Amino acid sequence: MGLKVLRSDNGIFMENTYILLDQDQCLSAVVDPGTINDDLINAIRSTGSLDMIILTHGHADHMAAISEYTALYPEAKIIASSDEKHFLTDPELNNSKSIAGKEVTVEADIYVEDGQVIKFGTHDLRFMKTPGHTPGGMCIYTEGLLFSGDTLFRLSVGRTDLAEADTERLMESISNKLYSLPDETLVYPGHGPETTIGLEKRMNPFV
């Protein structure tokens with residue numbers, strides 16, 4: 001059986017938090033813990049434990065609820081890009097006061113490199129560094145699914161008017177890395193609805 005994906009957004013910023021469920025192996029992971037609610041927690045409880053908390057990048061709207069998850073599941077490993085450490089630990093850079101109304105700082109348990117693969121049950125999670133929106137932004141690819149954070153949206157791309165953002169690097173990340181994936185790859189973005197790599201290659205006006 002493949003991965004089951006559950007999505008929930010956190011209201012004002014419409015940030016997508018995803019739960020990955022491997023029900024055969026009784027495993028779950030959170031991608032971008034910007035929000036927490038009963039549906040997400042019940043999904044995690046259906047597998048028995050939370051094994052991973054994965055951050056695509058260090059902006060507060062994508063990690064505002066991380067302390068709630070770690071309080072419930074202190075054994076969960078936090079995974080982030082090795083190039084994003086300074087965003088995770090600096091409330092000014094991650095905008096946590098303005099976004100979350102509190103200072104949010106995170107120390108990851110595992111800092112991944114580009115192309116690194118981590119096992120999630122029987123599934124391989126491949127981490128792809130996609131700098132541009134932030135210096136250490138990354139996407140996660142597994143079995144035809146891409147969690148794109150704020151790198152790629154449906155018919156749009158991540159903002160580059162924020163601290164340390166770089167439009168040229170963002171375009172390179174999308175064109176050279178994400179667009180090399182199969183057209184049928186289903187994209188779960190950090191904001192907004194799902195899309196596919198093929199649709200974005202044909203119709204995204206920003207790339």
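The values are calculated or read from the model by the stated rules, or taken from the named source; none is laboratory data. Every value quoted in this text rests on a predicted model; they were computed, and no experiment measured them. With ideal geometry, Cβ positions are generated from the backbone for all residues, glycine too; neighbour counts draw on all protein chains shown.
A few points about this structure:
- Residue list for segment 6-21, restricted to those being more than 13 Å from the chain's Cα centre (by Cα) and within 15 Å of residue 100 (Cα to Cα): 10, 11, 12, 13, 14
- When residue 64 is tested against (1) modelled with pLDDT under 95; (2) crowded, with 24+ Cβ neighbours inside 10 Å; (3) farther than 16 Å from residue 191 by Cβ; (4) of a type outside the set (S, T, N, Q), just one condition goes unmet, and that condition is (3).
- Scope segment 136-148; condition buried (at least 19 other Cβ atoms within 10 Å of the Cβ) and assigned to a strand (DSSP E or B); matching residues: 138, 139, 140, 141, 145, 146, 147, 148
- Once segment 42-60 is narrowed to residues that are closer than 22 Å to residue 95 by Cβ and of a type in the set (Gly, Ala, Ser), the residue that is nearest to the chain's Cα centre (by Cα) is 58.
- You will find that of 164, 184, 168, the residue that is surrounded by fewer than 18 Cβ atoms within 10 Å (Cβ to Cβ), of a type outside the set (A, V, I, L, M, F, W, C) and under 21 Å from residue 95 (Cβ atoms) is 164 and no other.
- Being modelled with pLDDT of 95 or more, surrounded by fewer than 20 Cβ atoms within 10 Å (Cβ to Cβ) and in contact with a helix residue (DSSP H, G or I) (Cβ under 7 Å, 6 or more places away or on another chain) is not true of residue 151.
- Some residue of segment 61-69 being in a helix (DSSP H, G or I) and under 12 Å from the mean Cα position of the chain (by Cα): yes
- Scanning segment 192-207 for residues that are surrounded by fewer than 22 Cβ atoms within 10 Å (Cβ to Cβ) and not in a loop (DSSP other than H, G, I, E, B) gives 196, 198, 199, 201, 202, 203.
- Counted residues, segment 166-204 - those being within 23 Å of residue 33 (Cα to Cα) and acidic (Asp, Glu): 1
- Only residues that are under 23 Å from residue 30 (Cα atoms) and either among the hydroxyl-bearing types (Ser, Thr, Tyr) or touching a Lys or Arg at 6+ places or on another chain (Cβ under 7 Å) (or both) were counted across segment 168-193, and they come to 5.
- Listed by position, the strands (runs of 3 or more DSSP E) enclosed by segment 92-135 that each have at least 3 residues that are in contact with a strand residue (DSSP E or B) (Cβ under 6 Å, 6 or more places away or on another chain) and buried (at least 21 other Cβ atoms within 10 Å of the Cβ) are 123-129.
- Only listed residue being touching a residue at least 40 places away in the same chain (Cβ under 8 Å), surrounded by fewer than 19 Cβ atoms within 10 Å (Cβ to Cβ) and more than 15 Å from the chain's Cα centre (by Cα), chosen from 24, 39: 24
- Among the criteria (1) hydrophobic (A, V, I, L, M, F, W, C); (2) over 20 Å from residue 165 (Cβ atoms); (3) surrounded by fewer than 23 Cβ atoms within 10 Å (Cβ to Cβ); (4) touching a residue at least 24 places away in the same chain (Cβ under 8 Å), the one residue 53 does not fulfil is (3).
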